[in-house]
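The values are calculated or read from the model by the stated rules, or taken from the named source; none is laboratory data. Predicted, not measured: the structure shown is a model, and the values here were computed from it. Backbone-built Cβ (ideal geometry, glycine too); neighbour counts: all protein chains shown. Just so you know, the surface numbers come from the protein's heavy atoms only, side chains and all, with ligands and any DNA or RNA stripped out. Shrake-Rupley method; radii C 1.70, N 1.55, O 1.52, S 1.80 Å.
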Amino acid sequence: MQEIIQVELFKNSEAVLKKAVHLSPSYQAAMKNAQLNFKILGIPSKKSEDWKYTNIAKNLSPRFYEQKVSLNQDVPKLIIDKRGMIIFNNGIFNQFLSVLPEGCELESPELTSDFYDTFDTLNFAVAISPLTLKIKKNTTLDFPITIVHLIDETAVNKMVSPRLTIKVEDHAQVSFLEYFTSSNNSTLQYTTNAVTHFFLKQNSKVEHVKIQLEAQSAIHIGLTNANVARDASFQSITLDFGILTSRHNLNIDLNDTGAITSAHGLFVLKKLDHADIFSTISHKLPQTTSDQLFKGILGGESHGVFTGKILILKDAQKSASSQLNKNLILSKKAHIDTRPQLLVHADDVKCSHGATVGQLSKEEEFYLESRGISAERAKKMLCLGFAMDVLQKIENSSIKLMAEKLLLDNFQGNDFEI
Amino acid sequence: MSTDVLNSDYKYGFFTDIETEVFPKGLSEEIVRMISAKKEEPDWLLDYRLKAFKHWKTLAHPKWAKLTIPEIDYEDLYYYSAPKKKNPTVGSLDEIDPELLATFAKLGIPLNEQKRISGVAVDAVFDSVSVATTHKADLEKVGVIFCSISEAVKERPELVKKYLGTVVPYSDNFYAALNAAVFSDGSFVYIPKGVRCPLDLSTYFRINAKETGQFERTLIIAEENSFVNYLEGCTAPQRDENQLHAAIVELIAFDNAEIKYSTVQNWYAGDKKGLGGIYNFVTKRGNCVGVNSKISWTQVEAGSAITWKYPSCNLIGDGSEGAFYSVALTNNFMQADTGTKMIHIGKNTKSTIISKGISAEQSENNYRGLVKIMPSATGARNYSQCDSMLIGDKAQANTFPYIDVKNSSAIVEHEASTSKISEEQLFYLKSRGLSEEKCISMIVNGFCKDVFKELPLEFSVEAVKLIEMKLENSIG
């Protein structure tokens with residue numbers, strides 16, 4: 001598989017660059033460089049410690065080069081506030097539909113040669129519509145900006161590569177809802193390889209809620225990367241409702257004193273779903289704080305993976321970090337792998353992590369049933385309660401409401417077998 | 001007779017100048033054959049060694065551990081070194097070289113049975129061979145076999161043949177293959193049905209010769225309804241070069257049997273600059289084959305330049321239990337990657353993991369543990385707790401738990417924390433007139449209590465002293 005992808009890339013690298021002529025020559029050169037880098041890195045196999053539990057090469061759609069520009073004319077359904085929306089169609093920024101609120105502006109695309117991993121490199125190498133958004137100093141938005149990634153039939157067997165960089169200047173405060181969805185057909189086969197980079201300057205505050213709602217047979221690879229400066233705060237929430245294969249890389253660097261992050265997540269899996277959350281939080285300087293809660297509900301024959309790395313570097317004295325991973329297994333054939341990891345190189349710190357795997361408590365089920373609630377309903381109620389813990393962490397109330405609705409819909413659906 | 005090393009805080013760092021018999025350096029099929037011939041082994045064992053050697057040659061050094069291991073030249077090692085026997089057929093202790101007896105006495109392991117107060121039977125292994133086993137007669141009365149593995153091969157070949165390599169096959173990993181090819185001695189224990197071993201059994205390992213690797217193999221079989229408490233201790237002389245120790249320990253527990261295996265590992269760990277020390281690459285595993293069988297590993301890891309060790313349990317029998325209690329202390333430039341594997345296969349199996357890591361100075365202390373619940377392990381239960389304590393701002397403490405659950409009825413819990421000694425705790429104790437060093441040692445002892453209490457009394461006292469000694473002067 002890896003070879004196919006590489007061959008595809010190199011046969012077509014010129015074609016990709018041809019579509020990128022609207023970008024600056026230096027950006028195109030950087031893309032070319034990334035293409036060469038990707039050739040060296042390749043697609044990771046299960047032998048790599050970071051990809052031990054997810055065979056990503058298996059169903060990847062290699063044909064990323066045929067990025068068709070088919071911009072949708074209709075405003076998607078799930079927009080929280082029409083004053084702020086950024087819309088991508090099949091990885092291409094739709095400038096006609098997108099609306100930027102006051103205090104936000106587009107900048108020339110962010111050039112970089114420092115990549116998180118092979119998929120970040122690949123994304124940069126082929127993303128012909130990179131977008132950089134700047135939130136100006138002291139901007140406070142009282143409504144969230146919705147970022148929609150809409151993927152339709154034209155993406156079948158292809159790789160969709162949206163790339164978004166968001167720079168948040170000093171003292172700005174903003175919430176984002178970013179979701180990935182496919183139009184109607186749930187049997188679309190394609191791969192999303194999305195990258196969202198955040199750069200938070202001093203005292204800024206960002207909340208980022210990512211929801212994965214793609215077609216059942218799609219593959220989603222996503223990176224959320226955040227660089228958090230002095231006294232800035234970044235909150236990330238990842239919700240995944242299950243598809244063929246999804247992998248969420250979350251990489252948060254607390255670069256200066258007083259930086260705070262909280263990273264939470266939930267996956268609800270059924271049938272043959274596979275979800276893999278890989279979170280890395282690096283504490284680089286003193287008095288940085290992180291807090292994590294990740295939960296998983298697994299039904300059918302699904303497979304969930306959680307890896308949570310907390311890295312406390314030598315200079316990060318007086319830092320505090322906590323992480324909790326809880327998993328609920330509902331069926332005999334569901335399967336979870338969890339790896340909470342602590343890497344501590346400073347002595348004056350407080351770190352803890354915990355992981356649990358269990359099932360619904362018989363006592364709780366009995367309690368509800370004895371009050372006349374059907375067994376099935378009682379189970380759903382308990383699962384919902386378990387999942388709600390994560391949604392409660394969402395600060396923006398309109399995003400929270402929408403997330404709750406999506407979760408309820410997911411539970412109401414008949415395919416959620418227990 | 002022995003040369004004491006001055007200015008040393010490692011009191012076992014002396015070297016015994018004793019006449020030894022060594023095989024030439026290097027590893028080849030010939031050496032494997034020589035070891036086997038020396039031990040007058042039957043053909044099946046030689047075949048086993050050769051197969052393992054052949055397999056080992058195909059393997060590469062494993063890289064997944066978070067350790068920096070300098071390249072080891074396997075051709076530059078002696079694979080067999082044994083003290084020369086004055087009389088080739090040693091029957092009783094009286095015929096053992098007095099220098100050897102004196103060495104063990106100096107280590108605090110008197111082999112002289114009359115002088116022993118506590119009821120512990122000892123098998124003493126010096127470099128590649130077992131030199132003495134005490135209290136054999138007492139044990140034979142109840143049917144317990146406790147002897148060196150070479151002796152067992154000669155006297156009870158049927159038992160050795162049946163069980164050797166069944167828990168840790170030679171193909172298991174790089175060091176297991178190496179050990180299977182060149183293992184020279186070790187202990188063998190067989191507890192018959194329904195016997196509660198009247199004495200605690202103990203093996204004491206001593207590396208003495210220069211540039212040798214020690215490859216010992218321990219096999220413990222506990223038949224139905226039996227019980228044994230087994231202790232293991234290790235030391236080595238202080239040298240500038242690194243030495244390799246690659247052992248295998250296999251435990252088998254049948255229905256309702258219980259094996260308690262305790263280790264106080266104090267191999268020479270290198271000096272303050274990280275020079276020298278033992279590379280301790282050990283594969284330890286127990287199979288709880290029988291219904292309701294129990295295996296517990298308790299370890300105090302305070303020595304070795306590099307430790308690579310994961311005492312594990314395969315919980316096969318329904319209702320079987322595995323436990324792992326560990327204190328790992330690293331200082332100076334020591335590196336440790338240690339933990340356990342609990343593989344739940346049978347129904348209602350239980351496992352407990354308590355791991356305490358203390359890292360001081362520039363050392364690196366990693367916990368790596370796997371809890372695996374197979375689809376067949378209905379009702380499995382695991383509880384893991386891994387705490388790390390950092391002393392000094394250059395030390396590292398890392399935790400890498402792996403939890404794989406394939407059965408929905410399993411309950412698995414993992415908790416870990418990392419901290420340092422708090423100012424409040426120190427202040428509280430100091431205000432009661434204790435010196436800073438004493439305070440720290442008290443706090444560390446309290447931190448390790450959950451593990452120390454699992455050790456047999458004698459070892460528990462030794463462990464506390466060992467930790468205190470190691471931490472002296474390392475408070476920064």
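In segment A:349-361, is there at least one residue being closer than 20 Å to A:His264 by Cβ and of a type in the set (A, V, I, L, M)?
Looking through segment A:349-361, at least one residue is closer than 20 Å to A:His264 by Cβ and of a type in the set (A, V, I, L, M).
Scan segment A:132-140 and tell me whether some residue there is of a type outside the set (A, V, I, L, M, F, W, C), part of a strand (DSSP E or B) and touching a helix residue (DSSP H, G or I) at 6+ places or on another chain (Cβ under 8 Å).
Pass one, segment A:132-140, residues of a type outside the set (A, V, I, L, M, F, W, C): A:132, A:134, A:136-140.
With the extra rule that they be part of a strand (DSSP E or B), the set shrinks to A:132, A:134, A:140.
Add one more test, that the residue is touching a helix residue (DSSP H, G or I) at 6+ places or on another chain (Cβ under 8 Å), and what stays is none.
No, every residue in segment A:132-140 fails to be of a type outside the set (A, V, I, L, M, F, W, C), part of a strand (DSSP E or B) and touching a helix residue (DSSP H, G or I) at 6+ places or on another chain (Cβ under 8 Å).
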Positions within segment A:143-170 being at pLDDT below 90 and over 21 Å from the mean Cα position of the chain (by Cα), in sequence order: A:Glu153, A:Thr154, A:Val156, A:Asn157
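Being under 10 Å from B:Tyr367 (Cβ atoms) and hydroxyl-bearing (Ser, Thr, Tyr) is the filter here, so list the residues in segment B:377-418 that pass it.
Answer for segment B:377-418, where residues must be under 10 Å from B:Tyr367 (Cβ atoms) and hydroxyl-bearing (Ser, Thr, Tyr): B:Ser384, B:Ser388, B:Thr399.
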Of residues in segment B:169-208 being open to solvent by less than 10 Å² (accessible area, probe 1.4 Å) and assigned to a loop (DSSP other than H, G, I, E, B), the one farthest from B:Ala132 (Cα to Cα): B:Phe183
Collect the residues in segment A:264-281 that are within 18 Å of A:Arg339 (Cα to Cα) and either open to solvent by 10 Å² or more (accessible area, probe 1.4 Å) or charged (D, E, K, R) (or both), keeping them in residue-number order. A:His274, A:Asp276, A:Thr280
Exactly one condition in (1) touching a Ser or Thr at 6+ places or on another chain (Cβ under 6 Å); (2) open to solvent by 10 Å² or more (accessible area, probe 1.4 Å); (3) more than 7 Å from every other protein chain (Cβ to nearest Cβ) is not met by B:Ala360; state its number. (2)
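Quickly run through segment A:253-263 and pick out the residues that are surrounded by fewer than 24 Cβ atoms within 10 Å (Cβ to Cβ) and assigned to a strand (DSSP E or B). Break it down stepwise before answering.
If we filter segment A:253-263 for residues that are surrounded by fewer than 24 Cβ atoms within 10 Å (Cβ to Cβ), which is where we start, we get A:253, A:255-258, A:260, A:262.
Residues satisfying the conditions are A:Asp253, A:Ile260, A:Ser262.
Take the residues in segment B:429-438 that are in a helix (DSSP H, G or I) and either in contact (Cβ under 8 Å) with a residue 60 or more places away in the chain or loosely packed, with under 15 Cβ neighbours inside 10 Å (or both); name whichever of them is nearest to the other protein chains (Cβ to nearest Cβ).
So the first thing to find is which residues in segment B:429-438 are in a helix (DSSP H, G or I), and the list is B:429-430, B:436-438.
So of that shortlist, the ones also either in contact (Cβ under 8 Å) with a residue 60 or more places away in the chain or loosely packed, with under 15 Cβ neighbours inside 10 Å (or both) come out as B:430, B:436-438.
Values: B:Lys430: 18, B:Glu436: 16, B:Glu437: 17, B:Lys438: 20 Å.
Result: B:Glu436.
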Name the helices (runs of 4 or more DSSP H) wholly inside segment B:12-115 in which the number of residues that are of a type in the set (D, E, K, R) and modelled with pLDDT under 75 is 2 or more. B:98-106
Sole exception among (1) closer than 20 Å to A:Phe306 by Cβ; (2) assigned to a strand (DSSP E or B) for B:Asn407, by number: (2)
Is it fair to say B:Ser384 is outside any loop (DSSP other than H, G, I, E, B), among the small types (Gly, Ala, Ser), facing another protein chain (nearest Cβ under 10 Å) and under 17 Å from B:Glu472 (Cα atoms)? no
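Are any residues in segment B:41-63 within 15 Å of B:Val160 (Cα to Cα) and either more than 26 Å from the chain's Cα centre (by Cα) or not charged (D, E, K, R) (or both), and if so, which ones?
So in segment B:41-63, the residues within 15 Å of B:Val160 (Cα to Cα) come out as B:41-49.
Correct list: B:Pro42, B:Asp43, B:Trp44, B:Leu45, B:Leu46, B:Asp47, B:Tyr48.
Scan the helices (runs of 4 or more DSSP H) fully inside segment A:303-412 and keep the ones with 1 or more residues being within 30 Å of B:Asp337 (Cα to Cα), in contact (Cβ under 8 Å) with a residue 40 or more places away in the chain and of a type in the set (Lys, Arg).
In segment A:303-412, no matching helices (runs of 4 or more DSSP H) lie anywhere.
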Conditions (1) out of contact with any Leu (no Cβ under 7 Å at 6 or more places or on another chain); (2) more than 14 Å from chain B (Cβ to nearest Cβ); (3) surrounded by 14 or more Cβ atoms within 10 Å (Cβ to Cβ); (4) more than 24 Å from A:Thr288 (Cβ to Cβ) -> A:Ile394 fails only (4)
Hits in segment B:403-428 - residues which are acidic (Asp, Glu) and facing chain A (nearest Cβ under 7 Å): B:Asp404, B:Glu413, B:Glu415
When (1) aromatic (Phe, Trp, Tyr); (2) farther than 30 Å from B:Asn348 by Cα; (3) within 14 Å of chain A (Cβ to nearest Cβ) are applied to B:Phe400, the one that fails is (2)
Qualifying positions in segment A:16-40 - surrounded by 14 or more Cβ atoms within 10 Å (Cβ to Cβ), modelled with pLDDT under 85 and of a type in the set (A, V, I, L, M, F, W, C): A:Val16, A:Leu17, A:Ala20
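Out of A:Lys350, A:Lys379, A:Lys332, which single residue is open to solvent by 70 Å² or more (accessible area, probe 1.4 Å), more than 19 Å from A:Gln292 (Cβ to Cβ), within 14 Å of another protein chain (Cβ to nearest Cβ) and among the basic types (Lys, Arg)? Walk me through how you get there before you give the answer.
Numbers: A:Lys350 fails: more than 19 Å from A:Gln292 (Cβ to Cβ); A:Lys379 fails: open to solvent by 70 Å² or more (accessible area, probe 1.4 Å).
The unique qualifying residue is A:Lys332.
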Quick check on my filter: what residues within segment B:410-421 are without any contact (Cβ under 8 Å) to a residue 40 or more places away in the chain and outside any strand (DSSP E or B)? B:Ile421
Quick one: how many residues across segment A:123-164 are closer than 25 Å to A:Phe38 by Cβ, of a type in the set (Ser, Thr, Tyr) and surrounded by fewer than 21 Cβ atoms within 10 Å (Cβ to Cβ)? 2
Which one of these does A:Ser321 not meet: (1) surrounded by 23 or more Cβ atoms within 10 Å (Cβ to Cβ); (2) touching a Ser or Thr at 6+ places or on another chain (Cβ under 7 Å); (3) over 19 Å from B:Ser417 (Cα atoms)? (3)
Mind checking whether some residue in segment A:355-371 is away from every other protein chain (no Cβ under 14 Å), touching a Phe, Trp or Tyr at 6+ places or on another chain (Cβ under 6 Å) and over 22 Å from B:Ser384 (Cβ atoms)? no
Can you find a residue that is buried (at least 24 other Cβ atoms within 10 Å of the Cβ), over 21 Å from A:Ser175 (Cβ atoms) and among the aliphatic types (A, V, I, L, M) anywhere in segment A:294-307? yes
Qualifying positions in segment B:277-336 - open to solvent by less than 10 Å² (accessible area, probe 1.4 Å), within 27 Å of B:Lys449 (Cβ to Cβ) and touching a helix residue (DSSP H, G or I) at 6+ places or on another chain (Cβ under 6 Å): B:Val300, B:Ala302, B:Val327, B:Leu329
